[in-house]
């Protein structure tokens with residue numbers, strides 16, 4: 001009868017990213033459309049992005065792990081009904097972290113909550129944080145901590161190319177940048193102390209007229225769903241054959257820090273990510 005460790009098992013996990021059709025050669029990158037709850041005067045209410053998942057050039061590297069992670073969130077519908085929760089004019093517009101409430105803040109379910117997140121991914125720096133590009137948000141001091149959060153560079157941000165190991169630029173806006181720039185002109189509000197928990201909403205862009213309400217002799221802002229800048233839905237427009245697919249174990253809840261590896265000289269059809277996984281008995 002074999003004997004098992006009573007408390008935990010420590011083992012190395014090989015975590016694969018592979019292609020559905022390894023033999024096919026893609027002729028372009030995957031494109032994605034974000035449909036918003038706001039529109040320009042000409043009716044534009046969406047923007048499209050190109051992911052750097054296949055094609056490369058002299059100035060752009062592929063970011064296969066990041067693109068696959070991003071598409072996984074889209075396929076699972078986790079970006080549908082989320083908000084842009086951070087705006088720094090002349091810097092970035094950030095989303096991918098919090099839900100869009102369907103009712104006002106004083107009703108059950110009326111506050112933005114963190115979305116479900118998967119295990120963090122390795123950093124894939126090297127592309128420039130230019131105006132109109134998309135990059136992954138991450139924890140300060142931890143280059144390999146990106147999960148669901150991402151941002152649009154509103155201007156060229158060269159400091160982000162080296163800060164915290166370099167921020168991974170994994171795509172670019174191909175249409176609708178005018179809409180993003182218009183959002184960047186909205187008023188900002190610090191609401192970190194408004195909700196019953198403490199979200200990092202110190203630079204929250206809001207639109208429309210903000211109502212007020214008096215509760216227990218104190219005046220509060222009454223936030224409605226229409227006040228938020230929200231992503232209503234996300235569409236994958238042309239996912240090419242050979243698209244990278246992330247295979248994750250259900251046992252990754254205790255996944256520790258991912259080990260950094262050099263992707264530059266690896267076969268883009270097969271990437272190995274090595275990590276340590278601790279399972280408690």
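The values are calculated or read from the model by the stated rules, or taken from the named source; none is laboratory data. Note that this is a predicted model, so its numbers are computed, not measured. Note that each Cβ is placed from the backbone with ideal geometry, even for glycine, and that neighbours are counted across all protein chains shown.
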**Asked** Is one or more of the residues making up the stretch 106-113 buried (at least 17 other Cβ atoms within 10 Å of the Cβ) and either more than 20 Å from residue 239 (Cβ to Cβ) or modelled with pLDDT under 95 (or both)?
**Response** yes
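Taking the conditions exactly as written (touching a strand residue (DSSP E or B) at 6+ places or on another chain (Cβ under 8 Å), surrounded by fewer than 14 Cβ atoms within 10 Å (Cβ to Cβ) and either under 28 Å from residue 153 (Cα atoms) or at pLDDT 75 or above (or both)), does residue 206 satisfy them or not?
So residue 206 fails the test.
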**Asked** So residue 195 fits all but one of (1) touching a strand residue (DSSP E or B) at 6+ places or on another chain (Cβ under 7 Å); (2) surrounded by 14 or more Cβ atoms within 10 Å (Cβ to Cβ); what number is the exception?
**Response** (1)
**Asked** Yes or no: residue 232 surrounded by 15 or more Cβ atoms within 10 Å (Cβ to Cβ) and either outside any strand (DSSP E or B) or at pLDDT below 85 (or both)?
**Response** no
**Message:** Looking at the stretch 34-42, can you tell me whether even one residue there is within 20 Å of residue 169 (Cα to Cα) and either at pLDDT below 95 or out of contact with any helix residue (DSSP H, G or I) (no Cβ under 6 Å at 6 or more places or on another chain) (or both)?
**Reply:** yes
**Asked** Only one of these conditions is not met by residue 49: (1) more than 14 Å from residue 32 (Cβ to Cβ); (2) not in a helix (DSSP H, G or I). Which number is it?
**Response** (1)
**Complete:** Subset of the stretch 60-84, residues buried (at least 24 other Cβ atoms within 10 Å of the Cβ), at pLDDT 95 or above and in a loop (DSSP other than H, G, I, E, B), comes to 84
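At pLDDT 95 or above and either within 30 Å of residue 141 (Cβ to Cβ) or surrounded by fewer than 18 Cβ atoms within 10 Å (Cβ to Cβ) (or both), is that true of residue 218?
Criteria not met by residue 218.
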**Prompt:** If residue 49 passes every condition in (1) under 30 Å from residue 161 (Cβ atoms); (2) surrounded by 13 or more Cβ atoms within 10 Å (Cβ to Cβ); (3) at pLDDT below 95 but one, which one does it miss?
**Reply:** (3)
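For residues in the stretch 168-192 being in a strand (DSSP E or B) and within 18 Å of the chain's Cα centre (by Cα), which is surrounded by the most Cβ atoms within 10 Å (Cβ to Cβ)?
So the residue we want is 170.
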**Fill in**
Selection from the stretch 200-215 of residues farther than 24 Å from residue 113 by Cβ and in a loop (DSSP other than H, G, I, E, B) yields 209
**Complete:** Restricting attention to the stretch 113-167, the residues that are under 30 Å from residue 194 (Cα atoms) and not in a loop (DSSP other than H, G, I, E, B) number exactly 9
